[in-house]
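Below is one structure, written out as structure tokens, with a few remarks after it.
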Amino acid sequence: MFSCYIFVVVSLINFLPDFHVSSCDQNCADKPRFTPSRLVVQFGKPTSALCSVCQPGCNVSLFNIESPIGSLTENGTEVTWTVDEMTEWIISPMCYYHNDTTDVQCCSDLPITVYKPPDNVSFSVHPDVPMSESQQYTLQCEVQDVAPVKNLRVTFYRGQTALVELKREKDEPTPVSEIFTWNITSTKEDDGVQFWCEAKLELGAEGPQPPPVVESEKLTAAVHYKPQLEASVPPDPIILTEGNPLTLNCSSVGNPPPSYTWTPSSPSRTTSPSSGSVFFINSITHEDEGSYTCYVSNEKGSITVQFDVKVQADNLILIVGLVVAAVLLAVIVGVAVFIRKGTSTRRREDVPL
């Protein structure tokens, strides 16, 4: 009978802590206070917190911190909870006490966020590169083994410009892998630009500063687009003086790089290959007058540029010719007059007195 009584007493003693915790009041005026009031700790790392059970002079006979892991150290009415290695994803230590005067059980929870940066962040484009201008593509960012996912922010970048920030409204405290996507319409300006993404854990003021960030590799976009004229087109028609050089330019940009085909009015007069972007005649003549067509093409399309060339006489040569002719005429006239005067003089000298 006595042994049964001892067993009951021991059982009640062992039950009392659980009883106080399970029936405590978290809204009492003088409730336990944790310092810090919230913890953010990386999985596998150490952490600690201090619980001040109640105000100095309070009458308590039973107090403690309830937690599945960690060690406890008491100092008066303060209890320090220490964890050498965080091994729980869901944990909220409870600090509690029983006030013998008022027979009130009070307690407070310590909110803890356990986080883990991603193991890897990868970036890809679908369909795969190379891109084509004005087509829609999906940027994809895969984040592997991150926690908690509700604090994850994924940002897509074009060069150093942020395109969009995405998040998940998922309350999952343990590590998960997530895929984020964003659609874009490609332009020729995207050719050669680096696209990438980053994963950031926004854990609040109590979390690490700056927040943990993992970046993906950078992917350089190759955008295929049809040729577009880069050189300025001269006024139409192009008027040149005979004897001057002729230079026509239909330089264009495109990806793949475009090829050029020229159709001149007089192919025999070309002094440079007609497969480049520049067509050249060293000294133009009236035979070179006419239209010149430049055909620019690649696998995405083509453009045609036409030049109309007019050749005018060299007025300087005409003027010089006229001056020379006038001079010659003047000389001839002068000589004729001189000869005529000489003949008249000899005739007068031959007349008898």
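The values are calculated or read from the model by the stated rules, or taken from the named source; none is laboratory data. Since the model is a prediction, treat every value here as computed from it, not as a measurement. Please note: Cβ atoms are built from the backbone with ideal geometry, for glycine as well, and neighbour counts cover all protein chains shown. Surface accessibility is based on the protein's heavy atoms, side chains included, excluding ligands, DNA and RNA. Shrake-Rupley method; radii C 1.70, N 1.55, O 1.52, S 1.80 Å.
Assorted remarks:
- Sole residue being farther than 30 Å from Met131 by Cα, at pLDDT 90 or above and open to solvent by 50 Å² or more (accessible area, probe 1.4 Å), chosen from Pro273, Pro245: Pro245
- If the condition is being in contact with a Phe, Trp or Tyr (Cβ under 7 Å, 6 or more places away or on another chain) and more than 23 Å from Pro127 (Cβ to Cβ), then the stretch 199-244 contributes Leu201, Leu203, Glu215, Ile238.
- Matching residues, the stretch 273-311, being in contact with a helix residue (DSSP H, G or I) (Cβ under 6 Å, 6 or more places away or on another chain) and aliphatic (A, V, I, L, M): Ile281, Val311
- Being more than 37 Å from the chain's Cα centre (by Cα), free of Cβ contacts under 8 Å to residues at least 60 places away in the same chain and open to solvent by less than 30 Å² (accessible area, probe 1.4 Å) is a property that holds for Pro264.
- Qualifying residue in the stretch 27-36 (condition: open to solvent by less than 60 Å² (accessible area, probe 1.4 Å), part of a strand (DSSP E or B) and at pLDDT 95 or above): yes
- Residue match in the stretch 93-104 (condition: in a strand (DSSP E or B), among the hydrophobic types (A, V, I, L, M, F, W, C) and surrounded by fewer than 18 Cβ atoms within 10 Å (Cβ to Cβ)): yes
- Complete set of residues in the stretch 116-140 that are among the polar types (S, T, N, Q) and either under 16 Å from the mean Cα position of the chain (by Cα) or surrounded by fewer than 12 Cβ atoms within 10 Å (Cβ to Cβ) (or both): Ser122, Ser124, Ser134, Gln136, Thr138, Gln140
- Only residues that are of a type in the set (Gly, Ala, Ser), out of contact with any Phe, Trp or Tyr (no Cβ under 8 Å at 6 or more places or on another chain) and within 20 Å of Cys24 (Cβ to Cβ) were counted across the stretch 58-83, and they come to 1.
- Residues located in the stretch 205-233, provided they are surrounded by 12 or more Cβ atoms within 10 Å (Cβ to Cβ) and assigned to a loop (DSSP other than H, G, I, E, B): Glu206, Gly207, Pro208, Pro211, Pro212, Ser216, Lys218, Ala221, Ala222, Glu230, Ala231, Val233
- Extreme residue, nearest to Asp128 (Cα to Cα), among residues of the stretch 147-185 that are open to solvent by 80 Å² or more (accessible area, probe 1.4 Å) and not in a strand (DSSP E or B): Gln160
- The set of residues in the stretch 186-203 that are farther than 14 Å from Asp145 by Cα and either surrounded by fewer than 16 Cβ atoms within 10 Å (Cβ to Cβ) or without any contact (Cβ under 8 Å) to a residue 60 or more places away in the chain (or both) comprises Ser186, Thr187, Glu189, Asp190, Gly192, Val193, Gln194, Glu202.
- Number of residues in the stretch 223-237 that are β-branched (Val, Ile, Thr) and over 17 Å from Val296 (Cα atoms): the value is 1.
- Enumeration of residues in the stretch 84-107 that are without any contact (Cβ under 8 Å) to a residue 40 or more places away in the chain and under 29 Å from Asp171 (Cα atoms): Asp84, Glu88, Ile91, Ser92
- Out of Gln105, Gln144, Gln160, sole residue that is farther than 30 Å from Ile69 by Cα and polar (S, T, N, Q): Gln160
- Scope the stretch 219-243; condition touching a residue at least 40 places away in the same chain (Cβ under 8 Å) and within 19 Å of the chain's Cα centre (by Cα); matching residues: Leu219, Ala221, Ala222, Val223, His224
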